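Everything on this sheet refers to the single structure shown next.
The values are calculated or read from the model by the stated rules, or taken from the named source; none is laboratory data. Every value quoted in this text rests on a predicted model; they were computed, and no experiment measured them. So basically every Cβ, Gly included, is an ideal-geometry build from the backbone, and we count neighbours across all protein chains shown.
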Amino acid sequence: MIRSVVQGCGAYLPERVVTNAELAQRMETSDEWIQQRTGIRQRHIAADGEFTSHLATKAADAALKRAGMAAADLDLIVLATATPDETFPATATRVQAELGMTRGAAFDVQAVCAGFVYGVSVADSLLKNGIAGTALVIGAETFSRILDWEDRGTCVLFGDGAGAMILKAEDGQGTSADRGILANVIHSDGRQHDILYVDGGPSSTQSTGLLRMEGKEVFKHAVVNMAQVVGEVLGKAGLAAGDIDWLVPHQANKRIIDGTGRKLGLPAERVVVTVDRHANTSAASIPLALDVAVGDGRIKRGDVVVVEGIGGGLAWGASAIRW
Ligand code: UT7
């Protein structure tokens, strides 16, 4: 049996850090409100001229280095983003060129904050079907470009960044038989469009548009769906909540993360939290958090890691991985 085994991960954050205090100088908000409601203390914001592809390429470089691999070893790039450099071609092809990868295929997936889970699911399927042998899955976003900076209810919540993970198809007969992606679950419900969307696009308005969200509604769906989808992916993998070594949730709000952990009966120490430093980076938030927890030695080879995310669509999903 073929398994998609993690070879390494990496991340990149833009240099500029914007604190809550800095935002409070520009609009009617406060560090206290933002921290209490969301757990966010700061976010990174891309520089002028710094695009999603640039962040993605840097994260990819870091992942290749960690994996001890070169771009020439890759067959596939799946880039999850809702903030592509251009309407077309896929931002993944820009990353492909930047990395110097001259073969294989590169394309984007669009599932907003669930994008990384969708990307992992797609890459895992292509590896298992023999269409590719090695895949780079990236989540990269420059949400600062689609925020309404006049809307304090949304603009304080998001940040920019990128994270990447490399998967390799390995034969289950080998020594790593028990490692790799164990199960994926993806869902969407298009009826919930109006609670989180961007009010523009090439076909409708011929402009990019800005993010619109009914935060309270999204919050309600998030708490219910996140615990449910984790239960579903665990069931598919033949595991129980007690088997989870690390839950790495999409980083939108500390209260959603805590609520999901509680519903699953997980101790807080088993849940990776980076929303305080990164804010909500949409498709980038899970691989950014993975990179932190691998980098500081928490996630180790053989650990059971469950990732989960929900966002615009609504779209949501989870993957269970033996690291
Ligand atoms: O990544 C995709 C998934 N997205 C999410 O998971 C987001 C889910 N939603 C949330 O995280 C929360 O709903 C928010 C953090 C967005 C908002 O928290 P809330 O507890 O639902 O607050 P609210 O929107 O109901 O606003 C409460 C109050 C309002 O004032 P009034 O009407 O009670 O007087 C807002 O006007 O807080 C006010 N408010 C603010 N005050 C200071 C809204 N934004 C701000 C702000 N600073 N930035």
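With the condition kept exactly as written, say whether any residue in segment 227-242 is within 21 Å of Q7 (Cβ to Cβ), aliphatic (A, V, I, L, M) and assigned to a strand (DSSP E or B). Break it down stepwise before answering.
Start the filter on segment 227-242 by keeping residues that are within 21 Å of Q7 (Cβ to Cβ), which leaves 237.
This time we only want the ones that are aliphatic (A, V, I, L, M), so: 237.
If we keep only those that are assigned to a strand (DSSP E or B) too, we end up with none.
Scanning segment 227-242 turns up no residue that is within 21 Å of Q7 (Cβ to Cβ), aliphatic (A, V, I, L, M) and assigned to a strand (DSSP E or B).
State all residues of segment 1-40 that are more than 30 Å from A90 (Cβ to Cβ) and in contact with a Ser or Thr (Cβ under 7 Å, 6 or more places away or on another chain); if no residue qualifies, say none.
The answer is L23, A24.
Starting from residues that are touching a helix residue (DSSP H, G or I) at 6+ places or on another chain (Cβ under 7 Å) and of a type in the set (S, T, N, Q), keep the ones in segment 1-31 and report whichever is nearest to the ligand (Cβ to nearest atom).
Within segment 1-31, the match that is nearest to the ligand (Cβ to nearest atom) is T29.
Does G115 qualify as being under 30 Å from Q35 (Cα atoms), buried (at least 24 other Cβ atoms within 10 Å of the Cβ) and either in contact with a helix residue (DSSP H, G or I) (Cβ under 6 Å, 6 or more places away or on another chain) or of a type outside the set (D, E, K, R) (or both)? Give the steps one after another, and end with the answer.
Details: under 30 Å from Q35 (Cα atoms): yes; buried (at least 24 other Cβ atoms within 10 Å of the Cβ): yes; either in contact with a helix residue (DSSP H, G or I) (Cβ under 6 Å, 6 or more places away or on another chain) or of a type outside the set (D, E, K, R) (or both): yes.
Spelling it out, G115 is indeed under 30 Å from Q35 (Cα atoms), buried (at least 24 other Cβ atoms within 10 Å of the Cβ) and either in contact with a helix residue (DSSP H, G or I) (Cβ under 6 Å, 6 or more places away or on another chain) or of a type outside the set (D, E, K, R) (or both).
Take residues that are buried (at least 23 other Cβ atoms within 10 Å of the Cβ), touching a Cys at 6+ places or on another chain (Cβ under 6 Å) and at pLDDT 95 or above and tell me which of the helices (runs of 4 or more DSSP H) falling wholly in segment 250-299 contain 1 or more. Break it down stepwise before answering.
Values: elements: 254-264, 275-278, 285-295.
Filter on segment 250-299 gives 285-295.
If we scan segment 32-41, do we find a residue that is among the polar types (S, T, N, Q), within 16 Å of the ligand (Cβ to nearest atom) and either buried (at least 19 other Cβ atoms within 10 Å of the Cβ) or within 28 Å of S203 (Cα to Cα) (or both)? Steps first, answer last, please.
Pass one, segment 32-41, residues among the polar types (S, T, N, Q): 35-36, 38.
Still in the running and within 16 Å of the ligand (Cβ to nearest atom): 35-36, 38.
Remaining after also requiring either buried (at least 19 other Cβ atoms within 10 Å of the Cβ) or within 28 Å of S203 (Cα to Cα) (or both): 38.
Looking through segment 32-41, at least one residue is among the polar types (S, T, N, Q), within 16 Å of the ligand (Cβ to nearest atom) and either buried (at least 19 other Cβ atoms within 10 Å of the Cβ) or within 28 Å of S203 (Cα to Cα) (or both).
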